[in-house]
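Notes follow once the structure below has been shown.
The values are calculated or read from the model by the stated rules, or taken from the named source; none is laboratory data. These numbers come from a predicted model, not from an experiment. Cβ placement follows ideal geometry from the backbone for every residue including glycine, while neighbour counts extend to all protein chains displayed. Calculation scope for accessible area: heavy atoms of the full protein, side chains included, ligands and nucleic acids excluded. Shrake-Rupley method; radii C 1.70, N 1.55, O 1.52, S 1.80 Å.
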Amino acid sequence: MTGLNLILLGPPGAGKGTQAARLRDELGVTYLATGDLLRRHRAEDTALGRRAARYMTAGRLVPDRLVISMLLDALGSASPHGFLLDGFPRTTTQAEALEAALDTASLRLTAVLLIDAPDDVIVERISGRLTCPQGHVFHRQSDPPARAGICDHDGERLVTRDDDRPDTVRSRLEVYHAETEPLVAYYKTRGLLRTFDGTQPPGDVLAAIRTALGLEPARHR
Ligand code: AMP
C-alpha cells in the first residue's frame, strides 16, 4: 500500500469527523471511525454491540481487546490508497497494537493529525450536536439542517447521541485527557504528529491539513 495512512487524533467534538468527511472522498482512502463501527454494532444488536453499549452510554472506553480486533479486521480490507482512522487509537495499548499490525503488513503511518480544542469549546459544541443514523453531523446553532430535525443528506431523523449529553461529555473529556492525550507524546516522539487548531473555521483547518500533507490547495471550499 503506497497511499496515505492517516490518524485523526483529538478530543471529542474538535472537528475530526468534519475533516474526515472532506478528506476521505478526495483521497480515496478507507475511512474507519471506531465510534461509528461500534454504533452500527449496537444498532444491529450484535454480541459486540451489546457488550460495548454500557461503556459508550457512560462515556467510558470500550475495552481495548474488543476495539482492537474490530479495527484490525476492518483494516484488513482497506483501500490501496490508504486509510484514515478516526477515534482509534485511543490508548497506548491500541497504538502499540496498530503499530505491530502495520509492521507485520510492511505499512507505515504517513501522519497523525491532531485537531485540538479547549474543553469549554468542546462542551458547548457537543451539547448542540445533532446526528443522523448514518453519522452526518449538524449543530443546533452553528450548522443547523435546512429542515429542523431532518438530515440534509439522507432525510433521516436527527437525534442527540446518548453520549452527547453534558454529563457524559465531561466524562468523555476526562477519559480523553487521561487515556488518549498520552498519544500526543507517543506520536510526537515518532515524528508523525501534525497539530491543528480546532477552534478555527473548518475550511481553514482543512486548508492547513492540506498544506501539511503536501496536497494541492482545494479549488472549492
Ligand atoms: P466517538 O464517536 O469516536 O466519540 O466514540 C463514541 C464512543 O465509542 C466512545 O465514547 C467510546 O465509548 C467508544 N469508542 C470509540 N472508539 C473507541 C476506541 N478506540 N477505544 C475504546 N472505545 C471507543
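The number of residues in region 1-17 that are out of contact with any Leu (no Cβ under 8 Å at 6 or more places or on another chain) and away from the ligand (no atom under 13 Å from the Cβ) comes to 1.
Taking every residue in region 8-23 that is open to solvent by 30 Å² or more (accessible area, probe 1.4 Å) and pairing it with any residue that is of a type in the set (D, E, K, R), at least 6 positions away or on another chain, the pairs with Cβ-Cβ distances below 8 Å are Gly17/Asp86. Among the residues of region 46-102, those identified as within 12 Å of the ligand (Cβ to nearest atom), farther than 28 Å from Leu213 by Cα and open to solvent by 30 Å² or more (accessible area, probe 1.4 Å) are Leu48, Arg51, Arg54, Tyr55, Thr57, Ala58, Arg60, Leu61, Pro63, Asp64, Arg65, Ser69. Exactly one residue among Ala95, Ala101, Ala146 is assigned to a loop (DSSP other than H, G, I, E, B) and among the small types (Gly, Ala, Ser), and that residue is Ala146. The condition of being farther than 20 Å from Arg40 by Cα, touching a strand residue (DSSP E or B) at 6+ places or on another chain (Cβ under 7 Å) and touching a residue at least 40 places away in the same chain (Cβ under 8 Å) holds for only one of Val169, Val184, Val137, Val175, that being Val184.
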